Amino acid sequence: MMQEALYALIRFDLLLEAISGVIALMISHQANMAYQLTGEKRLSDLSTGFLVLSAGMFGRVVGTFYFFVIIGTAGLTPEAEMVRGIVTIAYGSARIMAYVLFAISTRRTIRKPTLANTPLMALPFLIDPNLEIVAIMILIIVVLQAMMNYFNVRTKFALYVLIAFSCLLLSHIFGIIALIEIRAYWWSQMAQFLGLISLLVMLIKAGRET
Amino acid sequence: MSRKKSYRSKVRILADMMRAIQNGGDEGTGPTRILYSANLSHDRLTQYIEELLEKGLIRVVEQNGSSRAYVLTAKGMEFLREFTKIERFSQAFGIDI
């Protein structure tokens, strides 16, 4: 029963991640269109950043799914461990790379597995404290830049971007806390999801209002 | 925009000119008004007006017989709408275009 609930939570987690990936892809597309029109290189960097973020998110969804397929059929084998390790590094690196690109354009994750609590271990799937710290440091720069931009232009669109990057920063802070308090993992995922939703709202409003 | 800019991209200059033309309404906007609104030299103005005409973004309307005035075409209005969206998007991330 408990295990069923955990699997349901994991499915929900992956659904949020997939939706976030689609939103990141939409932002990347918009930034690329803006780059095509203006030739402004920073828009190209922003587009690449969201593309990398989106690829990392989709990679995590596929990797986690594959991980559960393996442990569902063969148990926690060395192969499953390897998949988890690869996805952890790839996901964390993709996000950091994306944040570096955000920082340039605007000026998450492992637990030692135990056979006893495999589903529980999969919840904070892909949390590596070192990668989280690096992500937090880069995101602090990105948030400060978004804040300065907001105070400079004072538009609601800039405010949505500031909220989005702040949510991403919060998601990584919760990611660290998740290593000692598992509930923080959900706050982390929700913060990330809300950040991407904020960007989606910005994208829609910027396109609609004349 | 309140920020000082040392450089305006070509697309920004064209958009500034088109906004000046749009503000003139159906009667059209003369070159002098475009020149001042978009902050351009006479040579640049002539060059960019030719380009806008070639691309079908503006058209000439006669004003008081001999003097020329310009209005936006449907394509020009669509371009300006798209540019405004992109401008808001870029500005939201602190990117000047």
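Miscellaneous remarks
- 1.4 Å probe accessible area per residue over chain A, in Å²: 46
- Within 10 Å of the Cβ of each residue in A:30-40, the mean number of Cβ atoms contributed by other protein chains is 6.
- Inter-chain Cβ neighbour average for residues B:80-89, partner chain, 10 Å: 6
- Peptides B:70-83, A:133-146, A:68-81 ranked from most to least packed by the mean count of surrounding Cβ atoms within 10 Å: A:133-146, B:70-83, A:68-81.
- For the protein assembly as shown, lysine pairs separated by 8 or more sequence positions, or belonging to different chains, with Cα-Cα distances below 15 Å total 6.
- By accessible area with a 1.4 Å probe, ligands and nucleic acids excluded, highest first: order of B:Ser67, B:Ser9: B:Ser67, B:Ser9
- Extension gain (nm, one decimal) between A:Asn152 and A:Ile133, 0.36 nm per residue minus Cα-Cα: 4.0 nm
- As a ratio to 2.2 N^0.38 Å, the alpha-carbon radius of gyration computed for the protein assembly as shown takes the value 1.28.
- With every protein chain in place, the range B:10-91: carbon and sulfur % of accessible area (1.4 Å): 46
- Here the simple spin-label model places points 7 Å from the Cα toward Cβ, and for B:Lys55 and A:Ile177 these points are separated by 5.0 nm.
- Inter-chain neighbour count for A:147-153: the average number of beta-carbon atoms from partner chains within 10 Å of each residue's beta-carbon is 3.
- The order of B:Arg8, A:Arg154, B:Arg33 by accessible area, most exposed first and with a 1.4 Å probe, is A:Arg154, B:Arg33, B:Arg8.
- Counting every pair of alpha carbons in chain B, the share spaced more than 19 Å apart comes to 40 percent.
The values are calculated or read from the model by the stated rules, or taken from the named source; none is laboratory data. Remember, it's a predicted structure, so these values are computed and weren't measured experimentally. Here Cβ is always computed from backbone atoms with ideal geometry, including for glycine, and neighbour counts include all displayed protein chains. Surface areas here come from the heavy atoms of the whole protein model, side chains and all, with no ligands, DNA or RNA. Shrake-Rupley method; radii C 1.70, N 1.55, O 1.52, S 1.80 Å.
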